[in-house]
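> My questions all concern the structure below.
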Amino acid sequence: MSTNADVPSVSESPPAVEAPPSNGKPAPGAVAAPPHHDGFLGIVEDQFALRQLISEYLIPKETNNFWYTLGGVLAIALVLEFVTGFLLSFAYNPDAGQAYDVTRRLIETPVWSVVINFHFWNSFVIFGLVMIHMLRVFTTGAYRGSKIGLWLTGVGLAGATFLISLTGETLHWDEVGFAVPWHISEFFQAVGLAGVVAYEFADLKDIPTATQKLGQIYAVHISLAAVILVLLTVLHYYLIKVKGISFPYWLKESGRTAPFSTHIKEWGIYGGIILGIVLLMAIFVPRDPGIAPQLLPSSPFYGATHGPGGLGAKPTFPISWTHGMNVFVGEYLGIEPDIWGTVVGMALMTVALLVIPFVDRGKHTPRGWKEAFDLRQRGWAFLAMGIFWLVMILGAVTNFFAQAG
Ligand code: HEM
Ligand code: HEM
């Protein structure tokens with residue numbers, strides 16, 4: 001990787017490895033000898049060119065810090081989410097008459113409860129890490145020069161993460177999950193297409209037609225969104241490798257490099273701590289299966305004419321802002337249908353993220369705090385990021401205080 005966003009480093013051959021001086025400490029500018037494995041591990045490294053990717057791939061030593069490891073921790077969290085999701089798909093049944101009971105039983109059964117709870121809490125961590133990682137790469141101006149494409153793949157990743165969280169919440173199929181197709185229906189009604197795509201409220205209150213909708217959402221969750229996420233992650237990593245990584249502006253440049261394997265070790269340490277806490281939560285924090293959806297006779301809301309929002313169902317953290325925006329637009333601005341709150345909020349957030357690299361006037365990654373927060377160069381970029389957070393915070397806070405009705 002190169003420290004300068006404008007200088008690609010893929011063709012650079014690694015600098016010669018120097019022997020440590022007699023005091024045992026490497027000379028300034030020297031790099032540690034890349035670890036070399038013998039036996040089976042060595043063969044695997046050779047055959048899959050892993051040495052070039054890991055131990056012989058040199059990065060600025062200073063990038064081995066917490067804020068620069070969050071993308072890697074995210075990758076580990078994603079792998080575990082895929083593994084637990086894969087296990088859940090053996091037990092799950094996207095039948096609108098059964099999905100709630102399947103989920104409730106999983107939450108109440110030993111071992112399965114750990115799998116489903118881990119999948120649930122980890123989705124919060126994934127979303128939180130995406131947000132923090134995005135703020136880190138934003139402040140370090142890591143999208144400047146030839147790295148606009150890298151930022152754009154990141155925006156795609158944020159969108160895919162949101163989509164997979166939203167569809168996952170639906171699969172739980174309690175009254176909160178049921179709210180998702182309900183709002184999709186509201187949207188289709190608002191644009192006059194509900195009849196065309198058979199997405200009326202009546203279609204959701206009838207088990208066979210609701211099963212079709214749940215099946216479509218299941219397909220998006222386990223295949224479409226998952227495939228988009230994997231493809232974009234691969235493209236993201238490829239671009240980081242080719243374009244190089246930015247330099248942490250708050251540190252002094254020593255000119256020293258370290259093998260990428262040292263960075264992966266840091267991923268493991270921070271990932272182990274964060275995901276270890278998620279595992280403990282999955283084991284020890286009890287979870288309520290929620291209220292059965294209003295289309296089931298066993299639900300206390302059975303036959304209700306109001307939608308889930310009006311009955312007091314609120315979405316969980318990664319998507320809480322959507323309900324809050326609906327309440328804000330519907331109750332405070334008096335605009336109906338209130339689904340426009342989510343639609344307009346989502347459009348504003350997407351545009352805000354997309355324009356950031358185009359309105360930032362800086363030419364290279366910031367060197368020091370002053371350049372990182374220089375509003376003459378970055379004013380528009382900060383405004384765009386501000387709009388993104390304004391919508392999310394406004395929505396989340398409104399959701400928090402929203403009452404049923
Ligand atoms: C699933 C989500 C994501 C994953 C797995 C991921 C992974 C990574 C990794 C491993 C890095 C290397 C440096 C580091 O770890 O800090 C990185 C860098 C980067 N990411 Fe992401 N990322 C994700 C989402 C995003 C988002 C949402 C954005 C922005 C909208 C973004 C933009 C960038 C940029 C611009 C860099 C280059 C950083 C630099 O040069 O310092 N990424 N990403
Ligand atoms: C970033 C990736 C993913 C995220 C953020 C995510 C998120 C979620 C969330 C929040 C739930 C609801 C869990 C609950 O309320 O208890 C869920 C359910 C589910 N997910 Fe995922 N998921 C991801 C990937 C996957 C993958 C790759 C698969 C399958 C291969 C999968 C399969 C499932 C299944 C079967 C359920 C239903 C569990 C149930 O309610 O009984 N997920 N997911």
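The values are calculated or read from the model by the stated rules, or taken from the named source; none is laboratory data. In this text, all values refer to a predicted model and were calculated from it rather than measured experimentally. Here the Cβ positions follow ideal geometry from the backbone for every residue, glycine too, while neighbour counts run over all protein chains shown.
> Taking the stated definitions as given, is Ala160 among the aliphatic types (A, V, I, L, M), modelled with pLDDT of 95 or more and surrounded by fewer than 20 Cβ atoms within 10 Å (Cβ to Cβ)?
Working: among the aliphatic types (A, V, I, L, M): yes; modelled with pLDDT of 95 or more: yes; surrounded by fewer than 20 Cβ atoms within 10 Å (Cβ to Cβ): no.
For Ala160, the condition - among the aliphatic types (A, V, I, L, M), modelled with pLDDT of 95 or more and surrounded by fewer than 20 Cβ atoms within 10 Å (Cβ to Cβ) - is not met.
> Being in a helix (DSSP H, G or I) and acidic (Asp, Glu) is the filter here, so list the residues in segment 285-339 that pass it. Spell out the reasoning first.
Here is the first cut: in segment 285-339, the ones in a helix (DSSP H, G or I) are 317-332.
The one that is in a helix (DSSP H, G or I) and acidic (Asp, Glu): Glu331.
> Of all residues in segment 174-200, count the ones that are surrounded by fewer than 16 Cβ atoms within 10 Å (Cβ to Cβ), of a type in the set (Asp, Glu) and touching a residue at least 60 places away in the same chain (Cβ under 8 Å). Working first, answer last.
Pass one, segment 174-200, residues surrounded by fewer than 16 Cβ atoms within 10 Å (Cβ to Cβ): 190-193, 195-198, 200.
Subsequent filtering for residues that are of a type in the set (Asp, Glu) retains 200.
Those still in the list that are touching a residue at least 60 places away in the same chain (Cβ under 8 Å) too: none.
So the count comes out to 0.
> Right, next: Do we have Asn93 as buried (at least 21 other Cβ atoms within 10 Å of the Cβ), near ligand 2 (Cβ under 9 Å from one of its atoms) and polar (S, T, N, Q) here? I'd like the intermediate steps shown before the answer.
Numbers: buried (at least 21 other Cβ atoms within 10 Å of the Cβ): no; near ligand 2 (Cβ under 9 Å from one of its atoms): yes; polar (S, T, N, Q): yes.
No; evaluated as a whole, the condition is false for this residue.
> Now, a different point. Looking at Val343 and the list (1) at pLDDT 95 or above; (2) more than 16 Å from ligand 1 (Cβ to nearest atom); (3) within 23 Å of the chain's Cα centre (by Cα); (4) surrounded by fewer than 16 Cβ atoms within 10 Å (Cβ to Cβ), which single condition is not satisfied?
Here Val343 clears every test but (4).
> Given the structure, is Phe118 at pLDDT 95 or above and not in a loop (DSSP other than H, G, I, E, B)? Quick ask: steps written out before the conclusion?
Numbers: at pLDDT 95 or above: yes; not in a loop (DSSP other than H, G, I, E, B): yes.
So Phe118 fits the description; yes.
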